[in-house]
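The values are calculated or read from the model by the stated rules, or taken from the named source; none is laboratory data. It should be emphasised that the depicted structure is a prediction, and the values quoted were computed from it without experimental measurement. Please note: Cβ atoms are built from the backbone with ideal geometry, for glycine as well, and neighbour counts cover all protein chains shown. The accessibility values were calculated without ligands, DNA or RNA, using every heavy atom of the protein model including side chains. Shrake-Rupley method; radii C 1.70, N 1.55, O 1.52, S 1.80 Å.
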Amino acid sequence: MEKIKHSHVPVRDVKLHVAEIGEGPKAVVFLHGFPEIWYTWRHQMIGVADAGYRAIAFDFRGYGLSDQPIDPEKGSFADLVDDVVALLDALGIAKAFLVGKDFGALPAYLVAAVKPERVCGVTTLGVPFMLPGPSALPWHLFPKGFYMFRWQESGRAEADFGRLDVKTVIRNIYILFSRSEVPVAGDDQEIMDLVDESTPLPPWFSEEDLAAYASLYEKSGFRFALQVPYRSLGKEYAIVDPKVTSPALLIMGEKDYVLKFPGMEDFIRTGQVKHFVPNLDITFMPEGSHFVHEQLPEQVNSLIVDFLNKQSI
(Lines give C-alpha, C1' and ligand atoms only; values in the text may rest on other atoms or scores of the structure.)
Protein backbone atom coordinates (compact mmCIF):
# COMPACT_ATOMS: atom_id res chain seq x y z
CA MET A 1 0.00 0.00 0.00
CA GLU A 2 1.37 3.41 -0.92
CA LYS A 3 1.96 5.91 1.85
CA ILE A 4 -0.17 8.95 2.61
CA LYS A 5 1.53 12.03 1.11
CA HIS A 6 1.52 15.41 2.83
CA SER A 7 1.80 18.89 1.37
CA HIS A 8 0.89 22.51 2.05
CA VAL A 9 -1.39 24.01 -0.58
CA PRO A 10 -1.89 27.80 -0.92
CA VAL A 11 -5.64 28.48 -0.75
CA ARG A 12 -6.93 32.06 -0.61
CA ASP A 13 -5.12 33.76 2.32
CA VAL A 14 -3.66 30.61 3.98
CA LYS A 15 -1.76 27.42 3.24
CA LEU A 16 -3.73 24.29 4.06
CA HIS A 17 -2.09 21.08 5.23
CA VAL A 18 -3.31 18.37 2.84
CA ALA A 19 -2.97 14.58 3.17
CA GLU A 20 -3.51 12.46 0.07
CA ILE A 21 -3.48 8.84 -1.05
CA GLY A 22 -4.75 7.02 -4.15
CA GLU A 23 -4.59 7.74 -7.85
CA GLY A 24 -8.19 7.25 -8.95
CA PRO A 25 -9.84 9.51 -11.52
CA LYS A 26 -12.47 10.58 -8.97
CA ALA A 27 -11.58 12.51 -5.85
CA VAL A 28 -13.07 12.15 -2.39
CA VAL A 29 -12.44 15.13 -0.09
CA PHE A 30 -12.83 14.54 3.66
CA LEU A 31 -13.87 17.34 6.04
CA HIS A 32 -13.18 16.79 9.74
CA GLY A 33 -15.08 17.92 12.82
CA PHE A 34 -13.95 18.84 16.36
CA PRO A 35 -11.82 17.73 18.17
CA GLU A 36 -10.67 16.07 14.99
CA ILE A 37 -8.10 16.76 12.32
CA TRP A 38 -7.17 15.20 8.94
CA TYR A 39 -5.97 12.09 10.85
CA THR A 40 -9.53 11.25 11.89
CA TRP A 41 -10.01 9.91 8.33
CA ARG A 42 -7.01 7.54 8.39
CA HIS A 43 -9.18 4.44 7.95
CA GLN A 44 -11.51 5.93 5.34
CA MET A 45 -8.69 7.36 3.20
CA ILE A 46 -7.14 3.94 2.80
CA GLY A 47 -10.57 2.33 2.24
CA VAL A 48 -11.56 4.65 -0.61
CA ALA A 49 -8.03 4.63 -2.13
CA ASP A 50 -8.14 0.82 -2.19
CA ALA A 51 -11.50 1.10 -3.98
CA GLY A 52 -9.91 3.19 -6.77
CA TYR A 53 -10.50 6.77 -5.64
CA ARG A 54 -8.17 9.68 -4.89
CA ALA A 55 -8.56 10.35 -1.15
CA ILE A 56 -7.82 13.84 0.17
CA ALA A 57 -8.13 14.99 3.78
CA PHE A 58 -6.96 18.34 5.08
CA ASP A 59 -6.80 20.37 8.26
CA PHE A 60 -9.26 23.26 8.12
CA ARG A 61 -7.72 26.73 8.38
CA GLY A 62 -6.73 27.41 11.97
CA TYR A 63 -6.52 23.67 12.73
CA GLY A 64 -3.50 21.39 13.00
CA LEU A 65 -0.75 22.06 10.47
CA SER A 66 -2.79 24.50 8.37
CA ASP A 67 -2.13 28.22 8.74
CA GLN A 68 -3.99 30.36 11.23
CA PRO A 69 -6.00 33.09 9.51
CA ILE A 70 -4.89 36.65 10.32
CA ASP A 71 -7.99 37.36 12.41
CA PRO A 72 -9.31 34.04 13.82
CA GLU A 73 -12.17 35.69 15.74
CA LYS A 74 -13.73 36.79 12.44
CA GLY A 75 -13.82 33.27 11.01
CA SER A 76 -17.10 31.77 9.80
CA PHE A 77 -18.49 28.79 7.92
CA ALA A 78 -18.31 30.88 4.74
CA ASP A 79 -14.49 30.69 5.06
CA LEU A 80 -14.62 26.89 5.10
CA VAL A 81 -16.97 26.73 2.12
CA ASP A 82 -14.72 29.05 0.11
CA ASP A 83 -11.63 27.07 1.17
CA VAL A 84 -13.09 23.77 -0.09
CA VAL A 85 -13.88 25.27 -3.51
CA ALA A 86 -10.45 26.97 -3.68
CA LEU A 87 -8.72 23.71 -2.69
CA LEU A 88 -10.49 21.86 -5.51
CA ASP A 89 -9.26 24.59 -7.88
CA ALA A 90 -5.69 24.42 -6.52
CA LEU A 91 -5.59 20.62 -6.93
CA GLY A 92 -7.10 20.77 -10.42
CA ILE A 93 -10.25 18.88 -9.42
CA ALA A 94 -13.37 19.83 -11.40
CA LYS A 95 -15.79 17.74 -9.36
CA ALA A 96 -15.44 15.70 -6.15
CA PHE A 97 -17.29 13.68 -3.58
CA LEU A 98 -17.41 15.40 -0.19
CA VAL A 99 -17.45 13.48 3.09
CA GLY A 100 -18.08 15.54 6.25
CA LYS A 101 -18.12 14.55 9.92
CA ASP A 102 -19.61 16.55 12.79
CA PHE A 103 -19.41 20.27 11.88
CA GLY A 104 -17.59 19.26 8.65
CA ALA A 105 -21.07 18.26 7.45
CA LEU A 106 -22.04 21.94 7.16
CA PRO A 107 -19.45 23.03 4.58
CA ALA A 108 -19.95 19.72 2.74
CA TYR A 109 -23.65 20.45 2.24
CA LEU A 110 -23.16 24.19 1.66
CA VAL A 111 -20.59 23.63 -1.10
CA ALA A 112 -23.06 21.22 -2.71
CA ALA A 113 -25.84 23.85 -2.40
CA VAL A 114 -23.90 26.84 -3.76
CA LYS A 115 -21.59 25.06 -6.24
CA PRO A 116 -23.58 21.97 -7.31
CA GLU A 117 -21.47 21.61 -10.46
CA ARG A 118 -18.40 20.86 -8.28
CA VAL A 119 -19.97 18.02 -6.25
CA CYS A 120 -20.65 14.40 -7.31
CA GLY A 121 -22.25 13.46 -4.00
CA VAL A 122 -22.16 14.15 -0.26
CA THR A 123 -21.77 11.78 2.68
CA THR A 124 -22.05 13.07 6.24
CA LEU A 125 -21.57 11.34 9.57
CA GLY A 126 -23.14 12.37 12.86
CA VAL A 127 -24.76 15.59 11.63
CA PRO A 128 -27.54 16.06 9.05
CA PHE A 129 -28.05 19.16 6.89
CA MET A 130 -27.84 22.28 9.08
CA LEU A 131 -27.76 25.91 8.03
CA PRO A 132 -25.57 28.28 10.09
CA GLY A 133 -27.62 31.12 11.54
CA PRO A 134 -29.68 32.02 14.61
CA SER A 135 -32.03 29.06 14.01
CA ALA A 136 -29.31 26.45 13.32
CA LEU A 137 -30.50 24.67 16.48
CA PRO A 138 -33.52 25.27 18.79
CA TRP A 139 -31.25 26.96 21.33
CA HIS A 140 -34.06 27.75 23.79
CA LEU A 141 -34.63 24.01 24.36
CA PHE A 142 -31.08 23.22 25.53
CA PRO A 143 -30.06 23.28 29.21
CA LYS A 144 -27.91 26.24 30.26
CA GLY A 145 -24.87 24.03 30.98
CA PHE A 146 -24.92 22.63 27.40
CA TYR A 147 -21.32 22.34 26.18
CA MET A 148 -21.86 24.59 23.14
CA PHE A 149 -23.17 27.40 25.36
CA ARG A 150 -20.07 27.09 27.54
CA TRP A 151 -17.75 27.14 24.52
CA GLN A 152 -19.58 30.06 22.90
CA GLU A 153 -18.93 32.21 25.96
CA SER A 154 -15.83 34.33 25.35
CA GLY A 155 -12.91 33.21 27.50
CA ARG A 156 -14.71 30.40 29.29
CA ALA A 157 -13.41 27.42 27.27
CA GLU A 158 -9.99 29.07 27.11
CA ALA A 159 -9.87 29.09 30.93
CA ASP A 160 -11.30 25.57 31.18
CA PHE A 161 -8.93 24.05 28.59
CA GLY A 162 -6.01 26.13 29.86
CA ARG A 163 -5.93 24.22 33.17
CA LEU A 164 -4.84 21.09 31.31
CA ASP A 165 -2.34 20.10 28.65
CA VAL A 166 -3.59 19.80 25.07
CA LYS A 167 -3.43 16.00 25.11
CA THR A 168 -5.72 15.82 28.15
CA VAL A 169 -8.22 18.23 26.57
CA ILE A 170 -8.44 16.06 23.42
CA ARG A 171 -8.65 12.90 25.54
CA ASN A 172 -11.48 14.29 27.65
CA ILE A 173 -13.49 15.48 24.65
CA TYR A 174 -13.06 12.11 22.90
CA ILE A 175 -14.31 10.28 25.99
CA LEU A 176 -17.18 12.74 26.50
CA PHE A 177 -18.31 12.84 22.85
CA SER A 178 -18.20 9.05 22.44
CA ARG A 179 -20.95 8.70 25.08
CA SER A 180 -24.63 8.73 24.21
CA GLU A 181 -25.54 11.54 26.62
CA VAL A 182 -25.40 15.21 25.64
CA PRO A 183 -22.49 16.87 27.53
CA VAL A 184 -24.03 19.27 30.08
CA ALA A 185 -22.14 20.85 32.98
CA GLY A 186 -23.64 21.71 36.35
CA ASP A 187 -23.59 25.27 37.70
CA ASP A 188 -20.41 24.59 39.67
CA GLN A 189 -18.65 22.67 36.88
CA GLU A 190 -16.80 23.28 33.63
CA ILE A 191 -16.99 20.88 30.67
CA MET A 192 -13.55 19.41 31.41
CA ASP A 193 -14.82 18.46 34.90
CA LEU A 194 -17.26 15.99 33.32
CA VAL A 195 -14.49 13.43 32.66
CA ASP A 196 -12.69 11.63 35.45
CA GLU A 197 -8.95 11.33 34.77
CA SER A 198 -9.08 7.58 35.48
CA THR A 199 -11.60 6.98 32.65
CA PRO A 200 -9.96 4.92 29.87
CA LEU A 201 -9.98 5.96 26.23
CA PRO A 202 -12.59 4.25 24.04
CA PRO A 203 -11.20 0.84 22.93
CA TRP A 204 -11.02 1.88 19.27
CA PHE A 205 -8.90 4.98 20.03
CA SER A 206 -5.30 4.19 20.96
CA GLU A 207 -2.69 6.18 22.86
CA GLU A 208 -0.89 6.53 19.50
CA ASP A 209 -4.02 8.03 17.97
CA LEU A 210 -4.31 10.44 20.89
CA ALA A 211 -0.65 11.43 20.50
CA ALA A 212 -1.18 12.11 16.77
CA TYR A 213 -4.14 14.37 17.52
CA ALA A 214 -2.37 16.14 20.38
CA SER A 215 0.73 16.92 18.31
CA LEU A 216 -1.44 18.67 15.72
CA TYR A 217 -3.54 20.64 18.23
CA GLU A 218 -0.38 21.60 20.13
CA LYS A 219 0.61 23.48 16.99
CA SER A 220 -2.76 25.16 16.32
CA GLY A 221 -4.28 25.46 19.77
CA PHE A 222 -8.05 25.91 20.06
CA ARG A 223 -8.44 29.57 19.14
CA PHE A 224 -9.92 29.08 15.68
CA ALA A 225 -11.65 25.82 16.68
CA LEU A 226 -13.72 27.69 19.26
CA GLN A 227 -14.64 30.33 16.68
CA VAL A 228 -15.57 27.83 13.94
CA PRO A 229 -17.80 26.00 14.62
CA TYR A 230 -18.99 27.12 18.05
CA ARG A 231 -18.93 30.92 18.14
CA SER A 232 -19.86 31.37 14.47
CA LEU A 233 -22.70 28.84 14.30
CA GLY A 234 -25.27 31.59 14.90
CA LYS A 235 -23.86 33.74 12.08
CA GLU A 236 -26.18 33.85 9.07
CA TYR A 237 -24.93 32.14 5.90
CA ALA A 238 -26.13 34.09 2.85
CA ILE A 239 -28.34 31.59 1.04
CA VAL A 240 -32.12 31.48 0.66
CA ASP A 241 -33.94 28.11 0.72
CA PRO A 242 -30.83 25.97 0.15
CA LYS A 243 -31.23 22.72 -1.76
CA VAL A 244 -28.65 19.98 -2.12
CA THR A 245 -29.62 18.21 -5.33
CA SER A 246 -26.67 15.82 -5.54
CA PRO A 247 -27.02 12.28 -4.16
CA ALA A 248 -26.37 12.18 -0.42
CA LEU A 249 -25.86 9.68 2.37
CA LEU A 250 -26.23 10.33 6.11
CA ILE A 251 -24.64 7.82 8.48
CA MET A 252 -25.88 8.16 12.08
CA GLY A 253 -24.85 6.07 15.05
CA GLU A 254 -27.87 5.20 17.19
CA LYS A 255 -25.69 5.93 20.26
CA ASP A 256 -24.54 9.32 18.96
CA TYR A 257 -25.27 12.02 21.55
CA VAL A 258 -26.27 14.42 18.72
CA LEU A 259 -29.44 12.35 18.24
CA LYS A 260 -30.50 13.55 21.72
CA PHE A 261 -30.43 17.22 20.69
CA PRO A 262 -34.00 18.58 20.91
CA GLY A 263 -35.83 17.77 17.67
CA MET A 264 -32.80 16.16 15.99
CA GLU A 265 -34.00 12.54 15.82
CA ASP A 266 -37.39 13.72 14.60
CA PHE A 267 -35.81 15.91 11.92
CA ILE A 268 -33.94 12.88 10.56
CA ARG A 269 -36.41 10.01 11.07
CA THR A 270 -39.51 11.83 9.80
CA GLY A 271 -37.66 12.88 6.66
CA GLN A 272 -37.92 16.64 7.30
CA VAL A 273 -34.22 16.77 6.41
CA LYS A 274 -35.18 15.78 2.85
CA HIS A 275 -36.71 19.22 2.35
CA PHE A 276 -33.09 20.40 2.03
CA VAL A 277 -31.52 17.19 0.68
CA PRO A 278 -34.16 15.46 -1.46
CA ASN A 279 -31.85 12.67 -2.74
CA LEU A 280 -30.80 11.56 0.74
CA ASP A 281 -30.34 8.00 1.96
CA ILE A 282 -30.09 7.55 5.74
CA THR A 283 -28.32 4.65 7.46
CA PHE A 284 -28.49 4.13 11.21
CA MET A 285 -25.77 2.06 12.85
CA PRO A 286 -27.13 0.49 16.08
CA GLU A 287 -23.83 0.51 18.01
CA GLY A 288 -22.44 3.67 16.46
CA SER A 289 -21.23 6.58 18.59
CA HIS A 290 -20.43 10.11 17.42
CA PHE A 291 -17.07 8.75 16.18
CA VAL A 292 -18.60 5.89 14.21
CA HIS A 293 -16.00 6.18 11.43
CA GLU A 294 -13.17 5.48 13.90
CA GLN A 295 -15.17 3.06 16.05
CA LEU A 296 -16.48 0.84 13.20
CA PRO A 297 -14.19 1.74 10.28
CA GLU A 298 -14.79 -1.34 8.11
CA GLN A 299 -18.57 -0.95 8.21
CA VAL A 300 -18.37 2.79 7.53
CA ASN A 301 -15.85 2.28 4.71
CA SER A 302 -18.17 -0.24 3.13
CA LEU A 303 -21.12 2.20 3.28
CA ILE A 304 -19.07 5.05 1.83
CA VAL A 305 -17.52 2.97 -0.97
CA ASP A 306 -20.91 1.49 -1.92
CA PHE A 307 -22.30 5.04 -2.12
CA LEU A 308 -19.36 6.27 -4.22
CA ASN A 309 -19.57 3.31 -6.59
CA LYS A 310 -23.31 3.79 -7.07
CA GLN A 311 -22.77 7.36 -8.27
CA SER A 312 -19.76 6.48 -10.41
CA ILE A 313 -21.42 3.82 -12.55
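Once the chain from residue 140 to residue 156 is taken as fully extended at 0.36 nm per residue, the excess over their C-alpha distance is 3.7 nm. Rolling a 1.4 Å probe over the protein heavy atoms of the chain, with every protein chain left in place, gives an accessible area that is 53 percent carbon and sulfur. Taking the square roots of 5 times each eigenvalue of the Cα gyration tensor of the chain, largest first, gives ellipsoid semi-axes of 27, 22, 20 Å. Is the shape of segment 231-278 rounded, prolate or oblate, going by the alpha carbon gyration tensor and its root eigenvalues a ≥ b ≥ c, with a/c under 1.5 for rounded and a/b larger than b/c for prolate? Oblate. Applying the Kirkwood pairwise sum to the alpha-carbon positions of segment 166-219 produces a hydrodynamic radius of 11.9 angstrom. Each residue of segment 66-81 is assigned a 3J(HN,Hα), and the resulting list reads 7, 5, 7, x, 4, 10, x, 5, 9, x, 8, 4, 4, 4, 5, 4 Hz, derived from the Karplus form 6.51 cos²θ - 1.76 cosθ + 1.60 (θ = phi - 60°), x at Gly and Pro.
Here segment 224-241 and segment 32-92 have alpha carbon centers that stand 17 Å from each other. Note on residue 309 and residue 208: the model spin-label points, each 7 Å out from Cα along the C-beta direction, lie 2.9 nm apart. Taking 7 Å steps out from each Cα toward its Cβ at residue 236 and residue 275 produces label points 1.9 nm apart.
Summarising the overall dimensions of segment 32-158 from its C-alpha atoms, the Rg and Dmax are 15.7, 47 angstrom.
With all pairs of different C-alpha atoms in the average, the Kirkwood value for the hydrodynamic radius of segment 203-263 is 15.9 Å. Count Lys and Arg as plus one, Asp and Glu as minus one, and take only other residues whose Cβ is under 14 Å from that of residue 87; the net charge is then -1.
Treating cross-link reach as a plain straight distance, find the lysines whose alpha-carbon is under 28 Å from the alpha-carbon of residue 144, omitting any fewer than eight places away in the same chain. The reachable lysines, counting only those whose Cα sits under 28 Å from residue 144, are 74, 101, 167, 235, 255, 260. Computed from point charges on the beta carbon alone (+1 for Lys and Arg, -1 for Asp and Glu), the dipole magnitude for segment 1-144 about its Cα centre is near 240 Debye. Taking 0.36 nm per residue of separation and subtracting the Cα-Cα distance, full extension of the segment from residue 73 to residue 94 would add 4.4 nm. Taking only alpha carbon atoms, segment 168-273 gives an Rg to Rh ratio of 1.01, where Rh is the Kirkwood radius. Projecting the alpha carbon convex hull of segment 135-196 along each direction and taking the average yields 4.7 nm². For a bin width of 5 Å, list the pair-distance distribution of segment 188-236 built from all Cα-Cα distances, rounded to whole %. Pair shares across the bins are 5, 14, 14, 20, 25, 15, 6, 2, 0. Net length available on complete extension from residue 215 to residue 180 is 9.9 nm, with 0.36 nm assigned per residue and the Cα-Cα distance removed.
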